[in-house]
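Remarks on the structure that follows.
The values are calculated or read from the model by the stated rules, or taken from the named source; none is laboratory data. As the structure is a prediction and not an experimental result, all values here were calculated from the model. Cβ placement follows ideal geometry from the backbone for every residue including glycine, while neighbour counts extend to all protein chains displayed.
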Amino acid sequence: MLDIRPADLLAIAGCEIPTELLPANPDGISQVMTVADYAWGSDPVVLDYARSLPIPPRTTGTTGLPAMEAMTFGDAFRRLMQVRNLRRRAMAHATFLSEPTVGVVINDYRMPEPRYLRRMAAMLCLRSDDFLAMAASMPAPHPLGSPGQNDPPSDFASLWTRGELILALAPLHAEQIDAVIAFRMGLPEVRGKYGRLRG
């Protein structure tokens, strides 16, 4: 059986994604950016705290993502980010890639080196071999680039944990995400490093 979240399967297949599988706070893009910007995913204490918060009931007023007739890899990648409230800048910051590198994937201009796709896969908590196979099988203007160097395994573990934190934020309301941010900023080792949140 595939170890892929239902929302991700629907995103990759181009099917309609119901509201209950989308982030509870669709306007929380800036909050997710804050999490990605401070690279907190490597701290399991914050992840445990986020997971301990109660998942609130869904409210009306949001709509799901519609189905797509034709899918490219860029479409699938964009939809995978949407179900996490991730946008181009947050993905670039979290994976230490440039925004143009992320943009060429979203817009189907070309495929970057597989090692960059592996970073994006880790941030999405998807197996890198599944992600690379998807990239190779879907329509794209240019094939995958040369394999290039591999990143250290520790980098992927850190990105995966950060991706898990982003996933843990998805069902939470804005006030709860703010509580996660405040919790992280209140940890002793963080107060001295970052001071206070940027305005």
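Any residue that is under 15 Å from the mean Cα position of the chain (by Cα) and either in contact (Cβ under 8 Å) with a residue 24 or more places away in the chain or surrounded by fewer than 17 Cβ atoms within 10 Å (Cβ to Cβ) (or both) - is there at least one of those in region 58-71?
Here is the first cut: in region 58-71, the residues under 15 Å from the mean Cα position of the chain (by Cα) are none.
Within region 58-71, none of the residues are under 15 Å from the mean Cα position of the chain (by Cα) and either in contact (Cβ under 8 Å) with a residue 24 or more places away in the chain or surrounded by fewer than 17 Cβ atoms within 10 Å (Cβ to Cβ) (or both).
Residue check: is ARG84 of a type in the set (Lys, Arg) and surrounded by 21 or more Cβ atoms within 10 Å (Cβ to Cβ)? Write out each step before concluding.
Numbers: of a type in the set (Lys, Arg): yes; surrounded by 21 or more Cβ atoms within 10 Å (Cβ to Cβ): yes.
For ARG84, the condition - of a type in the set (Lys, Arg) and surrounded by 21 or more Cβ atoms within 10 Å (Cβ to Cβ) - is met.
Of everything in region 151-165 that is touching a helix residue (DSSP H, G or I) at 6+ places or on another chain (Cβ under 6 Å) and among the aliphatic types (A, V, I, L, M), the residue that is modelled with the highest pLDDT is LEU165.
For region 67-121, filtered to residues that are over 28 Å from ILE177 (Cα atoms) and of a type in the set (Lys, Arg), the residue that is modelled with the highest pLDDT is ARG115. Assess whether ARG89 counts as being basic (Lys, Arg) and surrounded by 21 or more Cβ atoms within 10 Å (Cβ to Cβ). Criteria not met by ARG89. Filtered by the rule that a residue be free of Cβ contacts under 8 Å to residues at least 24 places away in the same chain and either touching a strand residue (DSSP E or B) at 6+ places or on another chain (Cβ under 6 Å) or hydroxyl-bearing (Ser, Thr, Tyr) (or both), region 87-115 gives SER98, THR101. Somewhere in region 72-81, is a residue farther than 17 Å from ALA170 by Cα and surrounded by fewer than 15 Cβ atoms within 10 Å (Cβ to Cβ)? Within region 72-81 (the criterion being farther than 17 Å from ALA170 by Cα and surrounded by fewer than 15 Cβ atoms within 10 Å (Cβ to Cβ)), the answer is no, since none of the residues qualifies.
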